Amino acid sequence: MTEQRTENIVGALALALSDALLHGVSLQAPEPGQAAAAITLLRHEPGMPIETLRRALGLSHPGTVRLVDRLAAGGLVERRPSARDGRAVALYLTESGERSCTAILATRLEHVTRALAVLNPEERRAFGVLTEKLLASLVRNEEHAYSVCRLCDPVVCADCPVTGTLRGIV
């Protein structure tokens, strides 16, 4: 396989998997777009400020506020005063938000599991090692890490390659 062919196939794989994941999780979210990512990020870091959420999602401040307004109106997110900054608001999932997050992450896992099912156990282990190496090389900073991990389940990734990379950067 030539290098360009490998790059082309990896690009197609990334898009195919991304498209499947984003479509699947958007069906579990209360609305299309960044709602699923917002919900999973708030489980990942309860009390996240709107500004951090905004940067992770790549939205404008007004767009993020409107998204949070809709999630709060739907009973998925609640605002509380920030313990760190009296001027800021901390965002938390409600019980309903937690249930929504569980459904989103289950759908994400289902799509990834289906994609990896063609690999035997040895191939999966090798692919996992290579994927960790690639992922770690792509993380630029903390803001980018939130974006990369916006649909991750931190519970199953105790030794996260992104977090490990951030420790090396900071």
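Every read-out reported here was derived from the displayed coordinates using simple, explicitly stated rules and does not represent laboratory data. On a predicted model such as this, the values are computed, not experimentally measured, just so you know. Note that each Cβ is placed from the backbone with ideal geometry, even for glycine, and that neighbours are counted across all protein chains shown.
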Can you pull the three principal axis extents for the Cα set of the chain, in Å, largest first? 55, 36, 27
Label-point separation, HIS61 to ASN8 (7 Å along Cα→Cβ), nm: 4.6
Most exposed to least, judged by fewest other Cβ atoms within 10 Å, CYS152, CYS160, CYS101 sort to CYS160, CYS152, CYS101
The answer for the net charge of residues other than PRO30 whose Cβ lies under 14 angstrom from its Cβ, with Lys and Arg +1 and Asp and Glu -1, is 0
Sort ILE9, ILE104, ILE50 by Cβ crowding within 10 Å, fewest neighbours at the top. ILE9, ILE50, ILE104
Obtain the nm distance between the two label points defined at VAL118 and ARG99 by a simple spin-label model: each point lies 7 Å from its Cα along the Cα-to-C-beta direction. 3.7
Using the 10 angstrom Cβ neighbour count as an exposure proxy, how do ASP159, ASP19 rank, fewest first? ASP159, ASP19
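At 222 nm, what value in deg cm²/dmol follows for the chain if DSSP H runs of at least 4 each add -39500 (n - 2.57) and the sum is divided by all its residues, to the nearest 500?
-21500 deg cm²/dmol
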